[in-house]
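The values are calculated or read from the model by the stated rules, or taken from the named source; none is laboratory data. This one's a predicted model, so the numbers in the text were calculated from it and none came from an experiment. A quick note on method: Cβ atoms are made from the backbone with ideal geometry, for glycine too, and the neighbour counts reach across all protein chains shown.
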Amino acid sequence: MTTATNVLAEAEVTAPRPRRRRRRAVESDDTRKTNWWATALIAVCSLTVLIPLYLAVVVALKSPEQLAAGNGFEWPNPVRWENFADAWERTAFPQALVNTSLITVGSVVFTLLTSSVVAYALARNSHRRFFKGVFFYFLAALFIPFPIIMLPLVKQTSLLGLDNQIGMILLYTIFGISLNIFIYSAYIRSIPIELEEAARVDGASTWRVFWQIVFPLLTPINATVGILTCVWAWNDFIMPLVVLTDPAARTIPLAQYVFQGQYNIDTTTAFASYLMAMAPLLIVYIFSQRWVISGVTRGSIK
């Protein structure tokens, strides 16, 4: 017995390791290999963003004489920081920043509250003919260009007294609802219906199910829709131009139009104002990018 036990023990020690572990190790090593083609493609694509950004910074720091003398890519010497002060004064930047922030924040809040509710109703009742028709009705609005309805829109907003910041918030909420419903519906369908059924068994109403169970689960996609709406409302030029009538209510893109003259353009000061307008939106994106990426990936995987 002792001899047999010793033989078995020696056999277990000298026995080779299973091949499965080796395969797993090889597979894990393969996943660590760098895809150089994809890396090179990403590097080339990043240049399409970095080069214009560098050019914008360089031009914003030059004087008109330096810009006219060089090719545009050389670093200015000396650096002209006065361009930012001139842009601050000529665009009345604090007032324009307040107006743009008010419209943007209001548009994002109303968009998240309304689009999520409508998309939830359509997604959970998509098997019914009426709700399916409403869903395609909203999607059809994506194919209507804004210039077609621009003139009737200006007339209606003027008659209703909505040619101000409140009217802009309502317009961004309404015009963005089509795309937002399309984004929300795909994500809501991926949420298990069993969660809502369990809440209904406990006596929860439809509104309570949505606000306490479904809406907290929409955080990633809320960030995605929020940042898209924020970028649109912040950078939009044509809608504030045709809707707003009070010069004191002008947004940053409208205020920057002061640099466009009939015969010349104050390029250096204009680029300084562009960087000033871009800074707040860039900060918002830096803090919210992980939720945006999470919303996109979760919506595509589920």
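Let me spell it out: the conditions are (1) surrounded by fewer than 16 Cβ atoms within 10 Å (Cβ to Cβ); (2) assigned to a helix (DSSP H, G or I); (3) not aliphatic (A, V, I, L, M), and S190 meets all of them except one. Which number is the exception?
Just one mismatch for S190, condition (2).
Quick check on D236: is it of a type outside the set (K, R) and surrounded by fewer than 19 Cβ atoms within 10 Å (Cβ to Cβ)?
no
Find the residue count for the range 117-140, including only residues that are of a type in the set (S, T, Y) and either buried (at least 17 other Cβ atoms within 10 Å of the Cβ) or under 23 Å from T219 (Cα atoms) (or both). If you could, list the steps in order and put the result at the bottom.
Narrowing the range 117-140 to residues of a type in the set (S, T, Y): 120, 126, 137.
Right, trim to either buried (at least 17 other Cβ atoms within 10 Å of the Cβ) or under 23 Å from T219 (Cα atoms) (or both) and you get 120, 126.
Summing the residues that are of a type in the set (S, T, Y) and either buried (at least 17 other Cβ atoms within 10 Å of the Cβ) or under 23 Å from T219 (Cα atoms) (or both) in the range 117-140 gives 2.
When you go through L217, L228, L254 one by one, which is the residue that is closer than 13 Å to Y120 by Cβ and of a type in the set (A, V, I, L, M)?
Answer to the selection: L217.
Looking for whichever is crowded, with 18+ Cβ neighbours inside 10 Å, assigned by TED's automatic domain parsing to the domain that holds S288 and over 17 Å from the mean Cα position of the chain (by Cα) here; the options are T91, T104, T114, T100. Which one fits?
Values: T104 fails: over 17 Å from the mean Cα position of the chain (by Cα); T114 fails: crowded, with 18+ Cβ neighbours inside 10 Å; T100 fails: over 17 Å from the mean Cα position of the chain (by Cα).
Within the list T91, T104, T114, T100, the selection yields T91.
Among (1) modelled with pLDDT under 90; (2) part of a helix (DSSP H, G or I), there is one condition L113 misses while meeting the rest; what is its number?
All conditions pass for L113, except number (1).
Residue pairs, Cβ under 8 Å, 6 or more apart or interchain, first in the range 80-107 and under 18 Å from F237 (Cα atoms), second part of a loop (DSSP other than H, G, I, E, B). List them.
That search, which allows pairs on different chains as well, returns A96/R250; A96/T251; N99/R250; N99/T251; T100/T251; I103/T251; S107/G176.
Would you confirm whether any residue within the range 250-257 is surrounded by fewer than 18 Cβ atoms within 10 Å (Cβ to Cβ) and among the polar types (S, T, N, Q)?
Within the range 250-257, not a single residue is surrounded by fewer than 18 Cβ atoms within 10 Å (Cβ to Cβ) and among the polar types (S, T, N, Q).
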